[in-house]
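See below for the structure under consideration.
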Amino acid sequence: MSTTAPSDGALETRGIDPVPHSERHARTRELFPTWVAANISVLLLTMGAGLVVTGGLNFWQILVVAAVSPVLGYGLVGLISVAGTRGGSPGMTLSRAVFGQRGNFFPGALIWVARWGWETINAVTGAYAILTVLDICFGIESSAALTVVTLVAFVAGTFLISGLGRRVLHVCSTWSTYLFGAFSVLVLVYLVANTDWSQVFGKPAGSTAMMVAGIGTIAAGGLSWAPSAPDFTRYLPRTASGKALVGHAVGGAGIVVLPLVLMGAVMAVSVPGLSSASDPVSFLGELLPTWIAVPYLLMALIGMLLINSMSMYSAGFTAQTLGVRVPRAWAVSVNAVISLVLGYLLMNVATSFMGSFISFLTLLAVAFSAWIGVFGVDMLRRRTYDGEALMDTGRTSAYWYRGGFAWQAMTGWAVALMVGLLFTKVDWFSGPLATSWIGRNGLGWLATIVVAAALYAVLPKAPVVEVPSERATDEAELVGV
């Protein structure tokens, strides 16, 4: 894996090795456009429509769902991101200190596989956006061959951006934030002027249970970024404000999630089939005039490209952490190939895009939540990470523990994972507790976090490995993190 210091150019060459404190010149405000870009997806419109059509919620209930979801999901993302400032390494590399050099392979591999699904969903949505633009502008109808071409084009763009690294991601995120925000306002104005608001506000209220389930489903999307959060904060100084990290994560996500989910709910009045559409993008061409639909789709396409680029950027670090010994820029190619194959199957074989998407989100939330519970509790007792021990994968590592495993963390993670699956129900799997109150309300992910955190907290643990003084640069600054 690459341990080369990052160059001054656009290409980031640093791998999973810790960023020295002398090179941490990033600012916390740079995270706001990062988390905005992580949510620029037309799938939020589809999910908002689903809350109306399938969930039976009214406008005011959906407003609550859209406001609370990013606070829950990205509040945890912001908290986990603090670890990046403490250790200067990617999230799954820091996880070695918690689970052990060998033990970390198990949650790391599961999270890496989960990334395949997330990247596939976004690649397919991006390909659909390209197909829709081609149809609107040039009358080119979709075909199996064209599906492959658009999918390859989208994944290739993702590979390029994620391969270049953090600096390019930040520039692209910043500009996409401005552009997507401007066109979203344009769409909002159009909807205000052309929507039958008596139908929107005249809809009766749905059940509280469906509100809770909606919050859980949308928040689950945010949880998927938690293990990656330190990847975007490791260039921040150790004195970076934890409150600022949480605030930018919640604010950046909320400013996108809230209006898009509400817009989707309003659109469902005109296009009630939106929530179950096999193609979650083409409805925009039917609902909006061409002069709005085309630029908005292009902006959304850029947003989805950035979401996938951020995911592959982190996936490259995860691959290196698991032992794939190639430079970071090439480690992302593994996920690129996988998303191509799975994307083709989803576009040409799967019968229900949204059914596959919701099932994936549900399972994704359980996989990530078990790790979040253990890692989060460990952060409460650990102020430092030993950079040399993180990179030493042999028996001499301070994070070797017993046979390479931290049995307390492994136990908490494994038990929580099984508990979470008990409450889970998807198209092809139903746990025995899926019909319980927690299962019906889509809170299996929350139960998973609680079980993982509680079990890991009560198990006896070895003392935290302190960083030797000769390797602890400006140690006193850690107190302010």
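The values are calculated or read from the model by the stated rules, or taken from the named source; none is laboratory data. Just so we're clear, the structure is a prediction, and the values are computed from it rather than from any experiment. Please note: Cβ atoms are built from the backbone with ideal geometry, for glycine as well, and neighbour counts cover all protein chains shown. Note: areas computed on protein heavy atoms with side chains; ligands, DNA, RNA excluded. Shrake-Rupley method; radii C 1.70, N 1.55, O 1.52, S 1.80 Å.
The overall shape of segment 70-131, judged from the alpha-carbon gyration tensor, is oblate: a/c is not under 1.5, and a/b is no greater than b/c.
Between the listed residues Thr132, Ser22, Asn104, the Cα displaced farthest toward the positive end of the dipole of the chain, a dipole computed from Cβ unit charges relative to the Cα centre, is found at Asn104. Going by accessible surface with a 1.4 Å probe and the largest first, Lys203, Lys425 read Lys425, Lys203.
Sum -39500 (n - 2.57) across every DSSP H segment of at least 4 residues in the chain, then divide by the residue count to get the 222 nm mean residue ellipticity, nearest 500.
Details: 19 runs with 317 residues, N = 481.
Result for the chain, helices only: -22000 deg cm²/dmol.
Selection among Pro259, Ala226, Leu188 by position relative to the dipole of the chain gives Ala226 as farthest towards the positive end (Cβ unit charges, Cα centre). Full extension of the segment from Val152 to Tyr190, taken as 0.36 nm per residue of separation minus the current Cα-Cα distance, would add 10.4 nm. In this label model, Ala414 and Ile140 are separated by 5.2 nm, measuring between points 7 Å along each Cα→Cβ vector.
Under a 5 Å amide H cut-off, with hydrogens placed 1.01 Å from N, Gly206 pairs with Asn58 among residues at least 5 apart or on other chains.
In the chain, the longest principal axis of the Cα atoms and the axis of helix 407-422 are about 20 degrees apart.
The angle between the Cα long axis of helix 290-321 and the main principal axis of the chain comes to about 20°, on a 0 to 90 degree scale.
When ranked by the protection proxy of mean other Cβ atoms within 10 Å per residue, highest first, what sequence do the peptides 39-47, 384-392, 134-142, 448-456 form?
Values: 39-47: 25.8, 384-392: 19.3, 134-142: 12.8, 448-456: 22.8.
Answer by packing, highest mean first, reads 39-47, 448-456, 384-392, 134-142.
For Lys461, no lysines have a Cα closer than 27 Å to its Cα, not counting residues fewer than 8 places off in the same chain. Taking the protein heavy atoms of the chain in the context of the full set of protein chains, the accessible area attributed to carbon and sulfur is 68 percent at 1.4 Å. Taking Cα atoms only, the orientation of helix 242-270 departs from the longest principal axis of the chain by about 20 degrees. Dipole check for the chain: with +1 at the C-beta of Lys and Arg, -1 at the C-beta of Asp and Glu, and the Cα centre as origin, the magnitude is about 960 Debye.
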